[in-house]
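The values are calculated or read from the model by the stated rules, or taken from the named source; none is laboratory data. The structure presented is a predicted model; accordingly, all values stated were derived computationally and were not measured. Positions of Cβ are generated from backbone atoms using ideal geometry, with glycine treated the same way; all protein chains shown enter the neighbour counts.
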Amino acid sequence: MHTTRRTPHRVFLSLVTLAGLLAHSASALETYTEIPGSECDGTITVGPEYTTDKDLTDLGNPKGKSFEFKMALADSKIFRGDDKTLEPDKKRVNTERKISVYIPAAYKDGTAAPFLIIHDGPGPLGSVRNALDNLTIAKDINRRLPAFIAIAVENGGNDGKNSERGLEYDTMSDRLARFISEEVFAAVLANAEIKAAYPRLAFTPNPWGHAVMGCSSGGAAALSMGWFRPDLVRRIIAYSGTFVDQQDDDAAEEAKYPLGAWEYHSGMKLIETTPPKPLRIFTHCSENDLRSKDSEDTHHNWVMAGERTAAALKARGYHQRFVFSKATGHCDGKVFNQTLADTLVWLWRGYH
């Protein structure tokens with residue numbers, strides 16, 4: 001990773017400090033409004049047969065630019081890879097994480113761009129890249145995407161309790177949102193290759209221009225980023241979300257949220273009992289998503305958790321879209337191939 005001295009003209013998120021982001025966000029919201037309407041909100045069932053949406057394929061449209069670099073965990077102030085909940089002898093912790101960035105051809109250097117964070121990077125970045133190439137120039141304005149910048153962030157390693165990925169994604173806190181806003185964006189803006197291609201690259205301070213997506217624990221992490229920090233991110237995509245009790249048993253957050261992400265819809269029923277937050281939320285679960293072999297009170301039934309989360313969001317009046325996919329499994333590629341373009345269009349509806 002290369003670092004350079006910041007220049008005065010980079011007024012938006014020049015170093016992406018939290019204080020600066022909050023100040024810019026508050027100012028941006030003073031005049032910003034959007035009326036997305038309720039089109040395509042609600043529950044949609046797909047399958048059991050699937051096709052690939054053509055807008056997720058290469059249709060020969062102008063291409064943007066791709067970049068990759070790495071961040072050392074030891075350089076982080078938030079996820080250093082040495083948390084007391086980890087068991088590195090059993091679940092290996094990575095020493096660095098790859099950051100993949102795609103800047104679409106429709107982006108104009110110097111414009112304050114919206115962005116999409118992708119957990120478990122690179123993940124579905126290839127499909128997102130094609131969607132940007134095809135839909136930022138769509139003739140149908142109801143099918144058009146804004147020229148957002150896609151940033152795929154690799155997790156810190158392994159999975160489940162006592163892992164770095166579990167710490168980052170399953171913990172009920174704002175730690176991941178702070179890591180992205182304070183450290184990842186600073187690294188993107190400081191990257192020498194990106195600066196050479198886009199010397200005036202900027203991100204919008206408007207939190208309605210900030211989106212995040214993930215699958216499994218990455219989906220739970222997407223919801224948690226918005227839930228705990230709606231001032232930093234407001235558009236959420238969660239496929240096969242791990243809205244179950246997978247938070248580390250010895251995490252500090254256990255004292256307040258003893259059942260982890262299960263608390264969103266059951267237990268504490270956070271969605272039901274908390275005043276609505278300014279969020280737009282897509283969730284999904286598969287018919288054959290992960291299920292506990294034990295009884296329902298083990299808090300590890302993905303299908304039940306997904307359905308309850310969607311029902312709670314609907315009852316609380318959120319703009320929400322829930323896809324239930326037949327004859328599919330956990331984070332099933334067939335679901336992404338058929339639905340991701342529609343999901344992105346719905347997610348960004350109303351943004352300007």
Checked region 45-82 for anything part of a loop (DSSP other than H, G, I, E, B), among the acidic types (Asp, Glu) and under 30 Å from PHE282 (Cβ atoms); matches are GLU49, ASP53, ASP58
Selection within region 155-179 - crowded, with 23+ Cβ neighbours inside 10 Å and either assigned to a strand (DSSP E or B) or among the polar types (S, T, N, Q) (or both):
ASN155, SER163, THR171
Do you know which residues across region 266-302 are at pLDDT 95 or above and touching a strand residue (DSSP E or B) at 6+ places or on another chain (Cβ under 7 Å)?
LEU279, ARG280, ILE281, PHE282, THR283, HIS284, CYS285, SER286, GLU287
If you go through region 303-330 one residue at a time, how many are in contact (Cβ under 8 Å) with a residue 60 or more places away in the chain, assigned to a loop (DSSP other than H, G, I, E, B) and surrounded by fewer than 23 Cβ atoms within 10 Å (Cβ to Cβ)?
3
Quick one: would you say ARG92 is surrounded by 19 or more Cβ atoms within 10 Å (Cβ to Cβ), of a type in the set (Lys, Arg) and either modelled with pLDDT of 95 or more or not in a loop (DSSP other than H, G, I, E, B) (or both)?
no
On the given criteria, is HIS300 in a loop (DSSP other than H, G, I, E, B), in contact (Cβ under 8 Å) with a residue 12 or more places away in the chain and in contact with a Leu (Cβ under 7 Å, 6 or more places away or on another chain)?
no
Counting only residues that are surrounded by fewer than 17 Cβ atoms within 10 Å (Cβ to Cβ) and either out of contact with any strand residue (DSSP E or B) (no Cβ under 6 Å at 6 or more places or on another chain) or of a type in the set (A, V, I, L, M) (or both), how many does region 95-110 have?
5
Return yes when ILE281 is closer than 23 Å to ARG144 by Cβ, among the hydrophobic types (A, V, I, L, M, F, W, C) and free of Cβ contacts under 8 Å to residues at least 60 places away in the same chain and no when it is not.
yes
Have a look at ALA147, ALA131, ALA152 and point out the one that is closer than 19 Å to ASN61 by Cα and not in a helix (DSSP H, G or I).
ALA147
Say whether the condition of being in contact with a helix residue (DSSP H, G or I) (Cβ under 8 Å, 6 or more places away or on another chain) and under 17 Å from ALA196 (Cα atoms) is met by at least one residue in region 68-81.
yes
Report yes if some residue within region 31-39 is in a loop (DSSP other than H, G, I, E, B), in contact with a strand residue (DSSP E or B) (Cβ under 9 Å, 6 or more places away or on another chain), at pLDDT 90 or above and surrounded by 13 or more Cβ atoms within 10 Å (Cβ to Cβ); otherwise report no.
yes
Return yes or no: is THR52 without any contact (Cβ under 8 Å) to a residue 24 or more places away in the chain, of a type in the set (S, T, N, Q) and within 30 Å of THR343 (Cβ to Cβ)?
no
Could you check how many residues of region 115-128 are over 12 Å from the mean Cα position of the chain (by Cα) and surrounded by 22 or more Cβ atoms within 10 Å (Cβ to Cβ)?
1
